[in-house]
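Taking it in order: structure first as C-alpha coordinates, then the write-up.
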Amino acid sequence: MRMTATHKASKSGLVHACHRSWRRTASYAWRKVCKSRLWICTSLLVPCLPVTADAQEHDADALAKALSNPVAALVSVPIQYNYDETFGEEGYRNLVNIQPVVPVSISEHWNMISRTILPVIYQQDVIPGSDQAGIGDITQSLFFSPKEPTPSGLIWGVGPALLLPTGTDNLGADTWGAGPTAVVLVQKDAWTYGALANHIVDVAGSDRRADISSTFLQPFLTKGLGHGRTLGANIESTYDWKGGQWTVPLNLFYSKVSKIGSQMVSYQGGVRTYLDKPEGGPEWGVRFTFSLLFPK
(Lines give C-alpha, C1' and ligand atoms only; values in the text may rest on other atoms or scores of the structure.)
Protein backbone atom coordinates (compact mmCIF):
# COMPACT_ATOMS: atom_id res chain seq x y z
CA MET A 1 0.00 0.00 0.00
CA ARG A 2 1.48 3.27 -1.08
CA MET A 3 1.58 6.22 1.40
CA THR A 4 0.04 9.45 0.31
CA ALA A 5 1.76 12.83 0.87
CA THR A 6 -0.66 13.52 3.69
CA HIS A 7 0.31 10.26 5.42
CA LYS A 8 4.03 10.99 4.99
CA ALA A 9 3.65 14.48 6.51
CA SER A 10 1.65 13.05 9.40
CA LYS A 11 4.28 10.37 10.08
CA SER A 12 7.11 12.91 9.85
CA GLY A 13 5.36 15.23 12.29
CA LEU A 14 4.87 12.37 14.69
CA VAL A 15 8.56 11.47 14.54
CA HIS A 16 9.59 15.07 15.17
CA ALA A 17 7.12 15.35 18.03
CA CYS A 18 8.45 12.15 19.59
CA HIS A 19 12.03 13.38 19.16
CA ARG A 20 11.23 16.72 20.80
CA SER A 21 9.41 14.94 23.60
CA TRP A 22 12.40 12.61 24.14
CA ARG A 23 14.81 15.56 24.18
CA ARG A 24 12.67 17.40 26.70
CA THR A 25 12.41 14.27 28.84
CA ALA A 26 16.16 13.57 28.62
CA SER A 27 17.02 17.19 29.32
CA TYR A 28 14.69 17.26 32.30
CA ALA A 29 16.14 13.98 33.61
CA TRP A 30 19.71 15.29 33.15
CA ARG A 31 18.88 18.53 34.94
CA LYS A 32 17.35 16.49 37.75
CA VAL A 33 20.54 14.41 38.01
CA CYS A 34 22.75 17.53 37.98
CA LYS A 35 20.62 19.27 40.56
CA SER A 36 20.64 16.15 42.70
CA ARG A 37 24.44 15.86 42.48
CA LEU A 38 24.88 19.58 43.13
CA TRP A 39 22.63 19.33 46.17
CA ILE A 40 24.57 16.32 47.48
CA CYS A 41 27.94 18.06 46.98
CA THR A 42 26.67 21.25 48.59
CA SER A 43 25.22 19.29 51.50
CA LEU A 44 28.57 17.62 52.03
CA LEU A 45 30.79 20.67 51.59
CA VAL A 46 28.87 23.52 53.21
CA PRO A 47 28.83 22.02 56.73
CA CYS A 48 32.61 21.69 56.50
CA LEU A 49 33.16 25.43 56.03
CA PRO A 50 31.99 26.56 59.49
CA VAL A 51 34.01 23.76 61.06
CA THR A 52 37.19 25.10 59.43
CA ALA A 53 36.36 28.65 60.49
CA ASP A 54 35.55 27.48 64.02
CA ALA A 55 38.85 25.59 64.18
CA GLN A 56 40.81 28.67 63.05
CA GLU A 57 38.95 30.85 65.56
CA HIS A 58 39.66 28.28 68.29
CA ASP A 59 43.35 28.28 67.39
CA ALA A 60 43.47 32.09 67.51
CA ASP A 61 41.70 32.15 70.88
CA ALA A 62 44.01 29.45 72.27
CA LEU A 63 47.08 31.41 71.12
CA ALA A 64 45.68 34.65 72.54
CA LYS A 65 45.14 32.90 75.87
CA ALA A 66 48.68 31.47 75.78
CA LEU A 67 50.11 34.95 75.14
CA SER A 68 48.46 36.12 78.39
CA ASN A 69 50.39 33.42 80.27
CA PRO A 70 54.11 34.23 80.81
CA VAL A 71 54.94 30.53 81.32
CA ALA A 72 52.84 29.04 78.52
CA ALA A 73 54.41 26.33 76.34
CA LEU A 74 54.47 28.63 73.30
CA VAL A 75 57.54 29.74 71.36
CA SER A 76 57.14 33.40 70.45
CA VAL A 77 59.28 36.36 69.38
CA PRO A 78 57.65 39.65 70.43
CA ILE A 79 59.18 42.86 69.08
CA GLN A 80 57.90 45.62 71.32
CA TYR A 81 58.20 49.32 70.44
CA ASN A 82 57.84 51.91 73.21
CA TYR A 83 57.82 55.68 73.01
CA ASP A 84 57.95 57.78 76.21
CA GLU A 85 58.02 61.49 76.96
CA THR A 86 58.51 63.97 78.54
CA PHE A 87 61.81 63.50 80.37
CA GLY A 88 62.75 66.81 81.96
CA GLU A 89 61.57 69.57 79.64
CA GLU A 90 61.82 68.04 76.15
CA GLY A 91 63.40 64.61 76.55
CA TYR A 92 62.03 61.47 74.90
CA ARG A 93 62.97 57.82 74.43
CA ASN A 94 62.43 55.28 71.65
CA LEU A 95 62.84 51.75 72.96
CA VAL A 96 62.53 48.47 71.06
CA ASN A 97 62.50 45.35 73.24
CA ILE A 98 63.28 42.10 71.44
CA GLN A 99 61.79 39.44 73.71
CA PRO A 100 62.12 35.81 72.55
CA VAL A 101 60.26 33.28 74.71
CA VAL A 102 61.39 29.64 74.46
CA PRO A 103 59.83 26.86 76.54
CA VAL A 104 61.80 23.63 76.97
CA SER A 105 60.40 20.37 78.32
CA ILE A 106 62.83 19.13 80.99
CA SER A 107 60.77 16.24 82.36
CA GLU A 108 57.39 14.60 82.14
CA HIS A 109 55.82 17.19 84.42
CA TRP A 110 58.03 20.30 84.16
CA ASN A 111 58.94 22.98 81.63
CA MET A 112 61.72 25.53 81.71
CA ILE A 113 60.72 28.80 80.06
CA SER A 114 63.43 31.17 78.89
CA ARG A 115 62.37 34.83 78.63
CA THR A 116 64.95 37.27 77.25
CA ILE A 117 64.65 41.05 76.95
CA LEU A 118 67.16 42.80 74.66
CA PRO A 119 66.55 46.58 74.60
CA VAL A 120 67.54 48.71 71.61
CA ILE A 121 67.39 52.41 72.52
CA TYR A 122 67.54 55.87 71.05
CA GLN A 123 66.95 58.73 73.48
CA GLN A 124 67.42 62.49 73.54
CA ASP A 125 67.66 64.80 76.54
CA VAL A 126 66.90 61.96 78.95
CA ILE A 127 70.37 62.83 80.17
CA PRO A 128 70.04 66.62 79.74
CA GLY A 129 71.91 68.06 76.76
CA SER A 130 72.86 64.71 75.20
CA ASP A 131 71.53 61.84 73.14
CA GLN A 132 72.37 58.13 73.16
CA ALA A 133 71.82 55.25 70.78
CA GLY A 134 72.64 51.57 71.22
CA ILE A 135 71.59 48.55 73.21
CA GLY A 136 70.81 48.33 76.90
CA ASP A 137 71.49 45.59 79.43
CA ILE A 138 69.89 42.21 78.73
CA THR A 139 67.52 40.77 81.31
CA GLN A 140 67.41 36.97 81.20
CA SER A 141 64.79 35.06 83.20
CA LEU A 142 64.36 31.30 83.54
CA PHE A 143 61.09 29.97 84.95
CA PHE A 144 60.66 26.38 86.11
CA SER A 145 56.95 25.67 85.85
CA PRO A 146 54.69 22.60 86.14
CA LYS A 147 53.12 21.61 82.83
CA GLU A 148 49.66 21.40 84.40
CA PRO A 149 47.89 23.84 86.74
CA THR A 150 47.25 22.87 90.34
CA PRO A 151 43.83 21.33 91.21
CA SER A 152 42.64 24.84 92.12
CA GLY A 153 43.70 26.15 88.68
CA LEU A 154 46.84 27.98 89.83
CA ILE A 155 49.66 28.35 87.28
CA TRP A 156 53.08 29.27 88.63
CA GLY A 157 56.79 29.36 87.90
CA VAL A 158 59.98 30.31 89.75
CA GLY A 159 63.63 30.67 88.83
CA PRO A 160 66.58 33.04 88.49
CA ALA A 161 66.72 36.45 86.82
CA LEU A 162 70.02 37.73 85.47
CA LEU A 163 71.16 41.19 84.35
CA LEU A 164 73.87 41.02 81.67
CA PRO A 165 76.05 44.13 81.15
CA THR A 166 75.59 44.51 77.39
CA GLY A 167 74.70 48.23 77.46
CA THR A 168 76.52 50.67 75.18
CA ASP A 169 76.84 54.49 75.12
CA ASN A 170 75.90 54.98 78.79
CA LEU A 171 72.74 52.91 78.31
CA GLY A 172 73.66 50.17 80.79
CA ALA A 173 74.54 49.79 84.45
CA ASP A 174 77.97 48.27 83.65
CA THR A 175 77.36 45.51 86.17
CA TRP A 176 76.22 41.93 86.46
CA GLY A 177 73.05 41.41 88.41
CA ALA A 178 71.14 38.41 89.72
CA GLY A 179 68.15 37.53 91.82
CA PRO A 180 64.95 35.49 92.03
CA THR A 181 61.90 35.76 89.80
CA ALA A 182 58.42 34.28 90.08
CA VAL A 183 55.05 34.36 88.40
CA VAL A 184 51.62 33.22 89.55
CA LEU A 185 48.35 33.43 87.64
CA VAL A 186 44.90 31.98 87.08
CA GLN A 187 43.15 31.48 83.75
CA LYS A 188 39.42 31.05 84.15
CA ASP A 189 37.07 31.17 81.18
CA ALA A 190 38.11 34.27 79.19
CA TRP A 191 39.92 35.92 82.11
CA THR A 192 43.62 35.83 83.02
CA TYR A 193 44.92 37.53 86.15
CA GLY A 194 48.11 37.29 88.13
CA ALA A 195 51.47 38.91 88.81
CA LEU A 196 55.12 38.58 87.81
CA ALA A 197 57.97 39.78 90.02
CA ASN A 198 61.73 39.80 90.29
CA HIS A 199 64.42 41.34 92.48
CA ILE A 200 67.88 42.00 91.08
CA VAL A 201 71.02 43.17 92.87
CA ASP A 202 74.47 43.87 91.43
CA VAL A 203 76.95 41.04 91.96
CA ALA A 204 80.02 41.91 89.86
CA GLY A 205 81.34 44.43 87.36
CA SER A 206 83.87 47.17 86.72
CA ASP A 207 84.87 49.95 89.07
CA ARG A 208 82.29 52.16 87.32
CA ARG A 209 79.44 49.79 87.97
CA ALA A 210 76.17 51.05 89.38
CA ASP A 211 74.86 49.89 92.72
CA ILE A 212 71.63 48.04 91.94
CA SER A 213 68.89 46.81 94.23
CA SER A 214 65.69 46.85 92.21
CA THR A 215 62.32 45.15 92.57
CA PHE A 216 60.04 44.71 89.56
CA LEU A 217 56.35 43.96 90.18
CA GLN A 218 53.86 43.46 87.33
CA PRO A 219 50.23 42.69 88.19
CA PHE A 220 48.22 41.96 85.03
CA LEU A 221 44.64 41.37 83.93
CA THR A 222 43.36 40.34 80.49
CA LYS A 223 39.99 39.48 79.00
CA GLY A 224 39.61 37.36 75.86
CA LEU A 225 37.03 38.84 73.48
CA GLY A 226 36.91 35.96 70.98
CA HIS A 227 38.25 35.76 67.43
CA GLY A 228 41.83 36.02 68.84
CA ARG A 229 41.21 39.43 70.42
CA THR A 230 42.34 40.44 73.93
CA LEU A 231 41.85 43.53 76.07
CA GLY A 232 44.19 43.99 79.00
CA ALA A 233 45.96 46.13 81.55
CA ASN A 234 49.14 45.83 83.58
CA ILE A 235 51.32 47.88 85.90
CA GLU A 236 55.07 47.49 85.27
CA SER A 237 56.23 48.99 88.55
CA THR A 238 59.86 49.21 89.65
CA TYR A 239 61.17 50.17 93.07
CA ASP A 240 64.75 51.42 93.36
CA TRP A 241 65.87 50.50 96.87
CA LYS A 242 69.03 52.59 96.59
CA GLY A 243 67.17 55.75 95.59
CA GLY A 244 63.96 54.99 97.46
CA GLN A 245 61.84 55.73 94.38
CA TRP A 246 58.93 54.05 92.57
CA THR A 247 58.37 54.15 88.82
CA VAL A 248 54.80 53.01 88.12
CA PRO A 249 53.55 52.98 84.51
CA LEU A 250 49.98 51.79 83.89
CA ASN A 251 49.52 50.16 80.45
CA LEU A 252 46.19 49.63 78.68
CA PHE A 253 46.29 47.54 75.50
CA TYR A 254 44.37 45.67 72.83
CA SER A 255 45.79 42.73 70.86
CA LYS A 256 44.73 40.49 67.99
CA VAL A 257 46.06 37.11 66.84
CA SER A 258 46.12 36.79 63.06
CA LYS A 259 47.96 35.03 60.25
CA ILE A 260 50.33 36.16 57.50
CA GLY A 261 50.38 33.33 54.98
CA SER A 262 51.00 30.29 57.16
CA GLN A 263 52.71 32.29 59.94
CA MET A 264 50.69 32.98 63.08
CA VAL A 265 51.28 36.48 64.45
CA SER A 266 49.93 38.87 67.04
CA TYR A 267 49.48 42.64 66.89
CA GLN A 268 49.17 44.79 69.99
CA GLY A 269 48.71 48.50 70.59
CA GLY A 270 48.39 50.43 73.82
CA VAL A 271 48.84 53.61 75.79
CA ARG A 272 50.65 54.30 79.04
CA THR A 273 50.46 56.82 81.85
CA TYR A 274 52.74 57.12 84.87
CA LEU A 275 51.12 56.87 88.29
CA ASP A 276 54.46 57.61 89.99
CA LYS A 277 57.93 58.46 88.68
CA PRO A 278 61.23 60.04 89.68
CA GLU A 279 61.65 63.78 89.28
CA GLY A 280 62.20 64.50 85.59
CA GLY A 281 60.74 61.12 84.58
CA PRO A 282 58.35 60.54 81.67
CA GLU A 283 54.68 61.50 81.74
CA TRP A 284 53.09 59.27 79.10
CA GLY A 285 53.90 56.74 76.40
CA VAL A 286 52.61 54.42 73.70
CA ARG A 287 53.39 50.80 72.87
CA PHE A 288 53.10 48.68 69.73
CA THR A 289 54.07 45.00 69.65
CA PHE A 290 54.39 42.58 66.75
CA SER A 291 54.90 38.94 67.73
CA LEU A 292 55.83 35.89 65.70
CA LEU A 293 54.12 32.79 67.09
CA PHE A 294 55.28 29.21 66.69
CA PRO A 295 52.66 26.86 68.18
CA LYS A 296 53.45 23.16 68.35
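The values are calculated or read from the model by the stated rules, or taken from the named source; none is laboratory data. All values derive from a computational prediction rather than experimental measurement. Cβ atoms come from the backbone with ideal geometry, glycine included; neighbour counts cover every protein chain shown. Quick note on the areas: whole protein, heavy atoms, side chains included, nothing else; ligands and nucleic acids left out. Shrake-Rupley method; radii C 1.70, N 1.55, O 1.52, S 1.80 Å.
When you filter the GluC sites (Glu not before Pro) in segment 78-129 for DSSP loop state and at most 12 other Cβ atoms inside 10 Å of their Cβ, you are left with E89, E90, E108. The share of C-alpha pairs in segment 249-296 whose separation exceeds 15 Å stands at 55 percent.
By the Kirkwood approach, averaging reciprocal distances over each pair of separate Cα atoms, segment 114-173 gets a hydrodynamic radius of 13.9 Å. If you average the alpha carbon positions of segment 98-135 and of segment 148-195, how far apart do those two centres end up, in angstrom? The distance from the Cα centre of segment 98-135 to that of segment 148-195 comes to 12 Å.
Just list whichever of K65/K223; K223/K296; K65/K147 have alpha carbons separated by over 18 Å in the model shown. The answer is K223/K296. Estimated translational diffusion coefficient (Stokes-Einstein, Kirkwood radius over Cα pairs, 10 °C, 1.306 mPa s) of segment 154-296: 91 µm² per second.
Over segment 204-272, the fraction of Cα-Cα pairs per 10 Å bin, rounded to whole percents and listed from the shortest bin up, is 17, 31, 24, 18, 10, 0. Restricting the calculation to Cα atoms, segment 159-217 yields a radius of gyration followed by a Dmax of 15.2, 52 Å. Solvent-accessible area assigned to carbon and sulfur over segment 233-296 amounts to 61 percent, based on a 1.4 Å probe. Heavy-atom accessible area for W284, with the other protein chains in place and a 1.4 Å probe, reaches approximately 100 Å².
The GluC sites (Glu not before Pro) found in segment 194-296 that occupy coil by DSSP, while having at most 15 further C-beta atoms within 10 Å, are E279, E283. On the beta carbon distance between I235 and A190, with R0 = 22 Å, the FRET formula returns roughly 0.55. Its residue count N sets the reference 2.2 N^0.38 Å, and the alpha-carbon radius of gyration of segment 62-195 equals 1.25 times that reference.
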